[in-house]
Amino acid sequence: MAYNRSDFANSVMRRIREFDDSIYLSKSAEYGNAAGSIRASAAGAPAPMGHPDFAHLGIGESGSRDAAVMFLDMRRFTARSFWDPPEQVLRVNTAVVTELAAAVQRHGGYVLGLRGDGVFACFDGSSALGARAAAGFAVVAGAFALDAVRNALNGLLAASGIDPVQVRVGLDYGRLDFVRIGTPAGSEVNVLGFAANFASKCEKHALSWEMVAGEGLAHNLPQQHVTHHDKSPAEYEHLGERRVYRFYDVSWMSYLEHVPGVADALGGRPASAVNVR
Amino acid sequence: MTLATLLSHVGIAVPRYVTVDGQIVLDAAPTTGFVSAPMPVAPHRFHDGEDPAPERSAYASAWWNIDTDARAADETAMATHFPNFVQYADDGDYAFGGELNTGRGRFKILVLPHVDKSLPTVIPLHKGLGRQAGRRLQRPPHLYTNGNLCIADSADWLPAEHTTATAVAWAAHWFAAYTEWRISSRWPTEGFGAAA
(Lines give C-alpha, C1' and ligand atoms only; values in the text may rest on other atoms or scores of the structure.)
Protein backbone atom coordinates (compact mmCIF):
# COMPACT_ATOMS: atom_id res chain seq x y z
CA MET A 1 0.00 0.00 0.00
CA ALA A 2 1.32 3.43 -0.95
CA TYR A 3 2.47 5.88 1.73
CA ASN A 4 -0.64 7.82 2.71
CA ARG A 5 -2.14 10.20 5.25
CA SER A 6 -2.87 7.39 7.69
CA ASP A 7 0.82 6.46 7.66
CA PHE A 8 1.62 10.10 8.40
CA ALA A 9 -0.84 10.30 11.28
CA ASN A 10 0.15 6.96 12.79
CA SER A 11 3.80 7.91 12.61
CA VAL A 12 3.17 11.18 14.45
CA MET A 13 1.18 9.38 17.15
CA ARG A 14 3.88 6.76 17.52
CA ARG A 15 6.47 9.50 17.99
CA ILE A 16 4.28 11.23 20.58
CA ARG A 17 3.79 8.00 22.52
CA GLU A 18 7.45 7.09 22.42
CA PHE A 19 8.46 10.59 23.35
CA ASP A 20 7.56 9.99 26.95
CA ASP A 21 9.06 12.46 29.44
CA SER A 22 11.16 9.80 31.06
CA ILE A 23 12.93 8.82 27.88
CA TYR A 24 12.95 12.18 26.18
CA LEU A 25 16.54 13.04 26.93
CA SER A 26 17.93 9.69 25.89
CA LYS A 27 15.85 9.56 22.73
CA SER A 28 16.25 13.14 21.59
CA ALA A 29 19.37 12.56 19.56
CA GLU A 30 17.77 9.70 17.67
CA TYR A 31 14.57 11.57 16.85
CA GLY A 32 16.27 14.84 16.14
CA ASN A 33 17.60 13.35 12.94
CA ALA A 34 14.57 11.29 12.01
CA ALA A 35 13.47 13.62 9.23
CA GLY A 36 16.73 13.07 7.47
CA SER A 37 16.51 9.32 7.59
CA ILE A 38 14.56 9.07 4.34
CA ARG A 39 17.75 9.77 2.45
CA ALA A 40 20.12 8.02 4.75
CA SER A 41 23.57 7.37 3.45
CA ALA A 42 24.67 3.98 2.23
CA ALA A 43 26.34 3.44 5.59
CA GLY A 44 22.99 3.91 7.30
CA ALA A 45 23.82 7.25 8.89
CA PRO A 46 21.07 9.87 8.67
CA ALA A 47 21.60 12.43 5.92
CA PRO A 48 22.12 16.00 7.10
CA MET A 49 19.53 18.63 6.28
CA GLY A 50 20.11 21.05 3.46
CA HIS A 51 20.62 20.78 -0.27
CA PRO A 52 23.30 18.12 -0.81
CA ASP A 53 24.87 20.00 -3.73
CA PHE A 54 25.89 22.75 -1.34
CA ALA A 55 26.73 20.73 1.76
CA HIS A 56 30.45 20.84 1.01
CA LEU A 57 30.79 24.58 0.56
CA GLY A 58 33.74 26.07 2.39
CA ILE A 59 33.31 29.03 4.69
CA GLY A 60 32.46 32.06 2.58
CA GLU A 61 31.81 29.96 -0.53
CA SER A 62 28.42 30.17 -2.19
CA GLY A 63 26.32 28.65 -4.94
CA SER A 64 22.86 29.18 -6.33
CA ARG A 65 19.97 27.15 -7.64
CA ASP A 66 16.49 27.92 -8.95
CA ALA A 67 13.95 26.11 -6.81
CA ALA A 68 10.45 26.08 -5.43
CA VAL A 69 10.65 27.23 -1.82
CA MET A 70 8.28 26.07 0.88
CA PHE A 71 7.51 27.16 4.40
CA LEU A 72 5.19 24.71 6.10
CA ASP A 73 4.29 25.46 9.68
CA MET A 74 1.85 24.94 12.48
CA ARG A 75 -0.40 27.91 13.07
CA ARG A 76 -1.30 29.25 16.52
CA PHE A 77 1.42 27.20 18.15
CA THR A 78 2.81 30.21 19.99
CA ALA A 79 -0.45 30.61 21.94
CA ARG A 80 -0.44 26.92 22.58
CA SER A 81 3.08 27.06 23.97
CA PHE A 82 1.88 29.81 26.32
CA TRP A 83 -0.95 27.74 27.81
CA ASP A 84 -0.02 24.07 27.46
CA PRO A 85 2.50 22.14 29.60
CA PRO A 86 5.95 22.54 27.99
CA GLU A 87 6.48 18.77 27.84
CA GLN A 88 3.32 18.27 25.83
CA VAL A 89 4.13 21.17 23.51
CA LEU A 90 7.57 19.70 22.96
CA ARG A 91 6.22 16.23 22.23
CA VAL A 92 3.57 17.42 19.77
CA ASN A 93 5.85 19.94 18.09
CA THR A 94 8.69 17.49 17.63
CA ALA A 95 6.49 14.66 16.43
CA VAL A 96 4.53 16.78 13.94
CA VAL A 97 7.46 18.78 12.59
CA THR A 98 9.53 15.63 12.18
CA GLU A 99 6.80 13.96 10.17
CA LEU A 100 6.13 17.10 8.11
CA ALA A 101 9.82 17.17 7.23
CA ALA A 102 9.75 13.49 6.33
CA ALA A 103 6.66 14.05 4.17
CA VAL A 104 8.41 16.87 2.30
CA GLN A 105 11.38 14.60 1.64
CA ARG A 106 9.19 11.73 0.54
CA HIS A 107 7.60 14.03 -2.04
CA GLY A 108 10.86 15.19 -3.57
CA GLY A 109 11.89 18.13 -1.41
CA TYR A 110 15.07 18.98 0.45
CA VAL A 111 14.55 20.12 4.02
CA LEU A 112 16.75 23.17 4.43
CA GLY A 113 15.99 23.68 8.09
CA LEU A 114 13.47 23.44 10.87
CA ARG A 115 12.08 26.77 12.00
CA GLY A 116 10.50 26.37 15.43
CA ASP A 117 7.01 25.31 14.49
CA GLY A 118 7.67 24.45 10.88
CA VAL A 119 9.75 23.28 7.98
CA PHE A 120 11.76 25.31 5.46
CA ALA A 121 12.30 23.30 2.28
CA CYS A 122 13.03 23.56 -1.40
CA PHE A 123 12.24 21.52 -4.51
CA ASP A 124 15.13 21.75 -6.93
CA GLY A 125 14.10 23.10 -10.33
CA SER A 126 17.29 22.15 -12.15
CA SER A 127 15.94 19.07 -13.94
CA ALA A 128 15.04 19.17 -17.61
CA LEU A 129 11.41 19.49 -16.53
CA GLY A 130 12.34 22.71 -14.75
CA ALA A 131 10.21 25.07 -12.76
CA ARG A 132 6.82 23.55 -13.52
CA ALA A 133 7.76 20.14 -12.20
CA ALA A 134 9.38 21.62 -9.09
CA ALA A 135 6.27 23.73 -8.50
CA GLY A 136 4.06 20.69 -8.98
CA PHE A 137 5.99 18.57 -6.49
CA ALA A 138 5.99 21.42 -3.96
CA VAL A 139 2.22 21.80 -4.21
CA VAL A 140 1.72 18.04 -3.93
CA ALA A 141 3.92 17.89 -0.83
CA GLY A 142 2.02 20.78 0.74
CA ALA A 143 -1.34 19.30 -0.23
CA PHE A 144 -0.36 15.97 1.29
CA ALA A 145 0.68 17.64 4.55
CA LEU A 146 -2.45 19.79 4.84
CA ASP A 147 -4.72 16.83 4.11
CA ALA A 148 -2.86 14.41 6.36
CA VAL A 149 -2.95 16.74 9.35
CA ARG A 150 -6.54 17.86 8.91
CA ASN A 151 -8.14 14.59 7.87
CA ALA A 152 -6.06 11.93 9.58
CA LEU A 153 -3.83 13.25 12.36
CA ASN A 154 -6.26 15.57 14.11
CA GLY A 155 -8.77 12.78 14.71
CA LEU A 156 -6.11 10.68 16.42
CA LEU A 157 -4.89 13.65 18.47
CA ALA A 158 -8.43 14.36 19.65
CA ALA A 159 -8.94 10.71 20.54
CA SER A 160 -5.80 10.94 22.67
CA GLY A 161 -6.98 14.08 24.45
CA ILE A 162 -4.51 16.32 22.63
CA ASP A 163 -5.69 19.51 20.96
CA PRO A 164 -5.59 19.33 17.17
CA VAL A 165 -2.98 21.25 15.23
CA GLN A 166 -3.42 23.55 12.25
CA VAL A 167 -0.97 23.91 9.40
CA ARG A 168 -0.47 26.29 6.47
CA VAL A 169 1.88 26.58 3.53
CA GLY A 170 3.76 29.44 1.86
CA LEU A 171 5.49 28.93 -1.48
CA ASP A 172 7.43 30.78 -4.13
CA TYR A 173 9.85 29.96 -6.92
CA GLY A 174 13.12 31.65 -7.78
CA ARG A 175 16.84 31.76 -7.23
CA LEU A 176 18.19 30.58 -3.91
CA ASP A 177 21.71 31.46 -2.82
CA PHE A 178 23.50 29.02 -0.56
CA VAL A 179 26.42 30.42 1.42
CA ARG A 180 28.40 28.87 4.25
CA ILE A 181 28.65 31.30 7.13
CA GLY A 182 30.62 30.93 10.34
CA THR A 183 34.08 30.06 11.57
CA PRO A 184 36.16 26.88 11.46
CA ALA A 185 34.80 26.14 14.91
CA GLY A 186 31.25 26.14 13.68
CA SER A 187 29.41 27.07 10.51
CA GLU A 188 26.22 26.44 8.59
CA VAL A 189 24.91 26.86 5.10
CA ASN A 190 22.57 29.81 5.06
CA VAL A 191 19.91 30.11 2.35
CA LEU A 192 19.16 33.55 1.02
CA GLY A 193 17.09 35.03 -1.75
CA PHE A 194 13.91 36.90 -2.49
CA ALA A 195 11.99 33.69 -3.20
CA ALA A 196 12.78 32.38 0.29
CA ASN A 197 11.83 35.66 1.89
CA PHE A 198 8.62 35.90 -0.06
CA ALA A 199 7.61 32.28 0.56
CA SER A 200 7.93 33.07 4.26
CA LYS A 201 5.75 36.13 3.74
CA CYS A 202 3.18 33.99 1.90
CA GLU A 203 3.10 31.58 4.81
CA LYS A 204 2.26 34.45 7.14
CA HIS A 205 -0.61 35.47 4.85
CA ALA A 206 -1.98 31.93 4.78
CA LEU A 207 -4.70 31.00 7.22
CA SER A 208 -4.99 27.48 8.57
CA TRP A 209 -5.34 24.91 5.77
CA GLU A 210 -4.40 27.46 3.14
CA MET A 211 -1.58 27.46 0.65
CA VAL A 212 -0.40 30.85 -0.58
CA ALA A 213 2.20 31.27 -3.33
CA GLY A 214 4.19 34.14 -4.76
CA GLU A 215 3.90 34.89 -8.46
CA GLY A 216 7.21 33.15 -9.18
CA LEU A 217 5.61 29.85 -8.30
CA ALA A 218 2.02 30.66 -9.26
CA HIS A 219 3.08 31.43 -12.83
CA ASN A 220 4.42 27.89 -13.09
CA LEU A 221 1.04 26.39 -12.27
CA PRO A 222 -1.93 26.25 -14.63
CA GLN A 223 -3.86 29.52 -14.34
CA GLN A 224 -6.99 27.79 -13.09
CA HIS A 225 -5.12 26.39 -10.07
CA VAL A 226 -4.58 29.82 -8.45
CA THR A 227 -6.69 32.83 -7.51
CA HIS A 228 -5.46 36.28 -6.67
CA HIS A 229 -5.04 36.72 -2.90
CA ASP A 230 -7.13 39.40 -1.18
CA LYS A 231 -4.03 41.15 0.18
CA SER A 232 -1.97 40.93 -2.98
CA PRO A 233 0.13 42.56 -4.35
CA ALA A 234 3.09 43.37 -2.16
CA GLU A 235 4.67 46.70 -3.05
CA TYR A 236 8.38 47.46 -3.05
CA GLU A 237 9.86 50.90 -3.50
CA HIS A 238 13.48 51.75 -4.17
CA LEU A 239 15.02 55.04 -5.27
CA GLY A 240 11.64 56.32 -6.35
CA GLU A 241 10.82 53.23 -8.40
CA ARG A 242 7.79 51.24 -7.30
CA ARG A 243 7.22 47.60 -8.22
CA VAL A 244 4.57 45.14 -7.22
CA TYR A 245 4.82 41.39 -6.65
CA ARG A 246 1.61 39.39 -6.66
CA PHE A 247 0.64 36.41 -4.59
CA TYR A 248 -2.10 33.86 -4.91
CA ASP A 249 -4.23 31.27 -3.13
CA VAL A 250 -3.42 27.83 -4.50
CA SER A 251 -6.32 25.40 -5.07
CA TRP A 252 -4.34 22.60 -3.46
CA MET A 253 -7.33 20.26 -3.10
CA SER A 254 -7.22 19.57 -6.83
CA TYR A 255 -3.76 18.06 -6.30
CA LEU A 256 -4.92 15.49 -3.75
CA GLU A 257 -6.01 13.08 -6.45
CA HIS A 258 -2.40 13.08 -7.71
CA VAL A 259 -0.85 12.46 -4.30
CA PRO A 260 -1.30 8.67 -3.97
CA GLY A 261 1.79 6.87 -5.12
CA VAL A 262 4.00 9.93 -5.70
CA ALA A 263 6.16 9.23 -2.65
CA ASP A 264 6.54 5.58 -3.62
CA ALA A 265 7.29 6.43 -7.23
CA LEU A 266 10.03 8.85 -6.14
CA GLY A 267 11.44 6.28 -3.74
CA GLY A 268 13.31 8.90 -1.73
CA ARG A 269 14.74 10.67 -4.77
CA PRO A 270 14.43 14.44 -5.10
CA ALA A 271 12.04 16.12 -7.54
CA SER A 272 15.00 17.04 -9.76
CA ALA A 273 15.65 13.33 -10.41
CA VAL A 274 12.43 13.04 -12.40
CA ASN A 275 13.21 13.40 -16.06
CA VAL A 276 11.62 12.72 -19.39
CA ARG A 277 13.75 12.14 -22.46
CA MET B 1 1.78 6.61 -14.08
CA THR B 2 1.44 8.59 -10.88
CA LEU B 3 4.25 10.96 -11.75
CA ALA B 4 3.00 11.23 -15.31
CA THR B 5 -0.48 12.28 -14.25
CA LEU B 6 0.91 14.76 -11.72
CA LEU B 7 3.21 16.33 -14.32
CA SER B 8 0.33 16.45 -16.81
CA HIS B 9 -1.75 18.21 -14.13
CA VAL B 10 0.76 21.08 -14.05
CA GLY B 11 0.87 21.28 -17.82
CA ILE B 12 3.94 19.22 -18.70
CA ALA B 13 3.57 16.97 -21.75
CA VAL B 14 4.88 13.60 -20.64
CA PRO B 15 5.68 10.80 -23.10
CA ARG B 16 5.23 7.29 -21.75
CA TYR B 17 7.25 4.18 -22.30
CA VAL B 18 6.64 0.58 -21.48
CA THR B 19 9.41 -1.71 -20.27
CA VAL B 20 9.90 -5.27 -21.46
CA ASP B 21 7.99 -6.63 -18.50
CA GLY B 22 5.11 -4.23 -18.97
CA GLN B 23 5.77 -1.37 -16.57
CA ILE B 24 4.86 2.14 -17.70
CA VAL B 25 7.76 4.53 -17.16
CA LEU B 26 8.61 8.09 -18.15
CA ASP B 27 12.15 7.45 -19.29
CA ALA B 28 13.29 5.95 -22.58
CA ALA B 29 16.58 4.75 -21.11
CA PRO B 30 16.95 1.05 -20.25
CA THR B 31 16.96 0.35 -16.55
CA THR B 32 19.58 -2.40 -16.75
CA GLY B 33 22.39 -3.13 -19.13
CA PHE B 34 20.99 -6.23 -20.77
CA VAL B 35 17.48 -5.23 -21.75
CA SER B 36 16.36 -3.16 -24.69
CA ALA B 37 15.22 0.42 -24.23
CA PRO B 38 11.61 0.92 -23.14
CA MET B 39 9.14 1.22 -25.99
CA PRO B 40 7.36 4.55 -26.53
CA VAL B 41 3.62 4.27 -25.94
CA ALA B 42 1.76 5.36 -29.08
CA PRO B 43 -1.09 7.87 -28.76
CA HIS B 44 -4.37 6.21 -27.79
CA ARG B 45 -7.60 6.72 -25.88
CA PHE B 46 -9.21 4.18 -23.63
CA HIS B 47 -12.70 3.27 -24.75
CA ASP B 48 -15.68 1.12 -23.81
CA GLY B 49 -18.92 -0.26 -25.21
CA GLU B 50 -19.27 -3.19 -27.59
CA ASP B 51 -16.13 -4.96 -28.74
CA PRO B 52 -15.71 -4.08 -32.43
CA ALA B 53 -13.37 -7.01 -33.07
CA PRO B 54 -14.13 -9.03 -36.22
CA GLU B 55 -14.56 -12.78 -36.07
CA ARG B 56 -11.26 -14.62 -35.99
CA SER B 57 -11.40 -17.11 -38.85
CA ALA B 58 -10.14 -17.55 -42.42
CA TYR B 59 -6.56 -17.70 -41.25
CA ALA B 60 -5.36 -18.69 -44.69
CA SER B 61 -5.99 -15.18 -45.96
CA ALA B 62 -4.87 -13.48 -42.74
CA TRP B 63 -2.20 -10.83 -43.14
CA TRP B 64 0.27 -12.80 -41.06
CA ASN B 65 0.08 -15.68 -43.51
CA ILE B 66 0.29 -13.70 -46.75
CA ASP B 67 2.49 -10.72 -45.85
CA THR B 68 5.79 -12.18 -44.69
CA ASP B 69 7.44 -8.78 -44.26
CA ALA B 70 4.64 -7.52 -42.02
CA ARG B 71 4.75 -10.70 -39.97
CA ALA B 72 8.53 -10.50 -39.60
CA ALA B 73 8.27 -6.88 -38.46
CA ASP B 74 5.54 -7.79 -36.00
CA GLU B 75 7.50 -10.71 -34.56
CA THR B 76 10.63 -8.56 -34.31
CA ALA B 77 8.74 -5.84 -32.45
CA MET B 78 7.37 -8.37 -29.98
CA ALA B 79 10.74 -10.06 -29.52
CA THR B 80 12.41 -6.69 -28.96
CA HIS B 81 9.94 -5.09 -26.60
CA PHE B 82 8.20 -8.03 -24.95
CA PRO B 83 10.61 -10.96 -25.19
CA ASN B 84 8.86 -12.82 -22.40
CA PHE B 85 5.68 -13.19 -24.41
CA VAL B 86 5.02 -16.56 -26.02
CA GLN B 87 3.85 -16.80 -29.62
CA TYR B 88 1.01 -19.16 -30.56
CA ALA B 89 0.89 -20.32 -34.17
CA ASP B 90 -1.33 -23.39 -34.27
CA ASP B 91 -3.25 -24.10 -37.48
CA GLY B 92 -2.31 -20.85 -39.16
CA ASP B 93 -3.30 -18.75 -36.17
CA TYR B 94 -1.10 -15.98 -34.82
CA ALA B 95 -1.34 -14.75 -31.23
CA PHE B 96 0.76 -13.90 -28.18
CA GLY B 97 0.37 -14.58 -24.50
CA GLY B 98 2.33 -13.19 -21.60
CA GLU B 99 2.43 -11.37 -18.31
CA LEU B 100 2.56 -7.64 -17.65
CA ASN B 101 4.10 -6.43 -14.41
CA THR B 102 2.76 -2.97 -13.54
CA GLY B 103 4.87 -2.76 -10.40
CA ARG B 104 1.64 -3.02 -8.42
CA GLY B 105 0.52 -6.36 -9.76
CA ARG B 106 1.09 -8.94 -12.49
CA PHE B 107 -1.54 -9.59 -15.14
CA LYS B 108 -1.60 -12.28 -17.80
CA ILE B 109 -3.09 -11.42 -21.15
CA LEU B 110 -3.75 -13.02 -24.50
CA VAL B 111 -3.30 -10.77 -27.52
CA LEU B 112 -5.11 -11.70 -30.71
CA PRO B 113 -4.21 -9.87 -33.92
CA HIS B 114 -7.03 -9.87 -36.47
CA VAL B 115 -7.01 -11.22 -39.99
CA ASP B 116 -7.85 -7.78 -41.44
CA LYS B 117 -5.09 -6.12 -39.38
CA SER B 118 -7.57 -4.15 -37.29
CA LEU B 119 -6.99 -3.31 -33.62
CA PRO B 120 -5.91 -6.53 -31.84
CA THR B 121 -8.09 -7.96 -29.11
CA VAL B 122 -6.61 -8.10 -25.61
CA ILE B 123 -8.16 -10.70 -23.34
CA PRO B 124 -7.33 -10.45 -19.63
CA LEU B 125 -6.67 -13.89 -18.17
CA HIS B 126 -7.09 -12.51 -14.64
CA LYS B 127 -10.54 -13.47 -13.41
CA GLY B 128 -12.57 -10.91 -11.51
CA LEU B 129 -11.07 -7.61 -12.61
CA GLY B 130 -12.56 -4.93 -10.39
CA ARG B 131 -12.54 -3.45 -6.93
CA GLN B 132 -14.59 -4.37 -3.92
CA ALA B 133 -17.39 -1.84 -3.28
CA GLY B 134 -19.15 -3.13 -0.20
CA ARG B 135 -20.28 -6.65 -1.00
CA ARG B 136 -20.16 -6.31 -4.75
CA LEU B 137 -17.31 -6.18 -7.21
CA GLN B 138 -17.21 -2.86 -9.05
CA ARG B 139 -16.34 -3.34 -12.71
CA PRO B 140 -13.49 -1.14 -13.95
CA PRO B 141 -14.09 1.48 -16.63
CA HIS B 142 -12.80 0.86 -20.15
CA LEU B 143 -13.80 -2.75 -20.51
CA TYR B 144 -15.83 -3.92 -23.47
CA THR B 145 -19.12 -5.51 -22.54
CA ASN B 146 -17.58 -8.94 -23.24
CA GLY B 147 -14.86 -8.28 -20.64
CA ASN B 148 -11.97 -7.67 -23.05
CA LEU B 149 -9.77 -4.64 -22.47
CA CYS B 150 -10.66 -1.53 -24.40
CA ILE B 151 -7.10 -0.36 -24.90
CA ALA B 152 -7.82 2.20 -27.64
CA ASP B 153 -10.31 3.63 -30.05
CA SER B 154 -10.36 1.82 -33.39
CA ALA B 155 -9.26 5.10 -34.98
CA ASP B 156 -6.09 5.15 -32.85
CA TRP B 157 -4.89 1.96 -34.50
CA LEU B 158 -2.73 2.59 -37.58
CA PRO B 159 -2.41 -0.78 -39.31
CA ALA B 160 0.44 0.27 -41.57
CA GLU B 161 2.46 1.53 -38.63
CA HIS B 162 1.45 -0.31 -35.47
CA THR B 163 2.36 -3.83 -34.41
CA THR B 164 1.12 -6.29 -31.84
CA ALA B 165 3.70 -4.73 -29.52
CA THR B 166 1.80 -1.43 -29.79
CA ALA B 167 -1.30 -3.18 -28.46
CA VAL B 168 0.66 -4.82 -25.65
CA ALA B 169 2.05 -1.41 -24.64
CA TRP B 170 -1.48 -0.03 -24.57
CA ALA B 171 -2.56 -2.99 -22.44
CA ALA B 172 0.31 -2.21 -20.04
CA HIS B 173 -0.93 1.38 -19.88
CA TRP B 174 -4.44 0.05 -19.23
CA PHE B 175 -3.25 -2.10 -16.33
CA ALA B 176 -1.15 0.75 -14.91
CA ALA B 177 -4.30 2.88 -14.86
CA TYR B 178 -6.32 -0.04 -13.51
CA THR B 179 -4.02 -0.62 -10.53
CA GLU B 180 -4.19 3.07 -9.69
CA TRP B 181 -8.00 2.97 -10.00
CA ARG B 182 -8.05 0.02 -7.60
CA ILE B 183 -6.29 2.17 -4.98
CA SER B 184 -7.88 5.56 -5.55
CA SER B 185 -11.21 4.69 -7.25
CA ARG B 186 -10.25 7.22 -9.91
CA TRP B 187 -9.20 6.20 -13.43
CA PRO B 188 -6.16 8.44 -13.77
CA THR B 189 -6.01 9.06 -17.49
CA GLU B 190 -8.17 8.78 -20.57
CA GLY B 191 -5.23 7.66 -22.65
CA PHE B 192 -2.08 9.24 -23.90
CA GLY B 193 -1.38 11.93 -26.46
CA ALA B 194 -4.38 11.32 -28.73
CA ALA B 195 -6.61 14.10 -30.02
CA ALA B 196 -9.92 14.30 -28.15
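The values are calculated or read from the model by the stated rules, or taken from the named source; none is laboratory data. Computed from a prediction, not measured in an experiment: that's the story for all the values here. Backbone-built Cβ (ideal geometry, glycine too); neighbour counts: all protein chains shown. Surface areas here come from the heavy atoms of the whole protein model, side chains and all, with no ligands, DNA or RNA. Shrake-Rupley method; radii C 1.70, N 1.55, O 1.52, S 1.80 Å.
The table for this structure:
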| read-out | value |
| --- | --- |
| Within region A:50-161, helices (runs of 4 or more DSSP H) holding 3 or more residues that are at pLDDT 95 or above and within 14 Å of chain B (Cβ to nearest Cβ) | A:130-148 |
| Members of region A:230-269 that are within 13 Å of chain B (Cβ to nearest Cβ) and part of a loop (DSSP other than H, G, I, E, B) | A:Ser251, A:Val259, A:Pro260, A:Gly261, A:Gly267, A:Arg269 |
| Any hit, region B:167-178, residues being in contact with a Lys or Arg (Cβ under 8 Å, 6 or more places away or on another chain) and surrounded by fewer than 21 Cβ atoms within 10 Å (Cβ to Cβ) | no |
| A:Thr183 vs. criteria among the β-branched types (Val, Ile, Thr), out of contact with any strand residue (DSSP E or B) (no Cβ under 6 Å at 6 or more places or on another chain) and surrounded by fewer than 17 Cβ atoms within 10 Å (Cβ to Cβ) | yes |
| Conditions (1) touching a Pro at 6+ places or on another chain (Cβ under 9 Å); (2) open to solvent by 60 Å² or more (accessible area, probe 1.4 Å); number of the one not met by A:Arg115 | (1) |
| Residue in region B:110-121 that is touching a Gly at 6+ places or on another chain (Cβ under 9 Å) and under 25 Å from B:Gly49 (Cβ atoms) present | yes |
| Subset of region A:179-201 [touching a Lys or Arg at 6+ places or on another chain (Cβ under 7 Å), within 30 Å of A:Ser232 (Cβ to Cβ) and in a strand (DSSP E or B)] | none |
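Conditions (1) surrounded by fewer than 17 Cβ atoms within 10 Å (Cβ to Cβ); (2) in a loop (DSSP other than H, G, I, E, B); (3) touching a Ser or Thr at 6+ places or on another chain (Cβ under 6 Å), marked per residue:
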{"site": "B:Asp69", "(1), (2), (3)": "yes, no, no"}
{"site": "B:Ala79", "(1), (2), (3)": "yes, no, no"}
{"site": "B:Arg104", "(1), (2), (3)": "no, yes, yes"}
{"site": "B:Lys108", "(1), (2), (3)": "yes, no, no"}
{"site": "B:Val115", "(1), (2), (3)": "no, yes, no"}
{"site": "B:Ser118", "(1), (2), (3)": "yes, yes, no"}
{"site": "B:Gly147", "(1), (2), (3)": "yes, yes, no"}
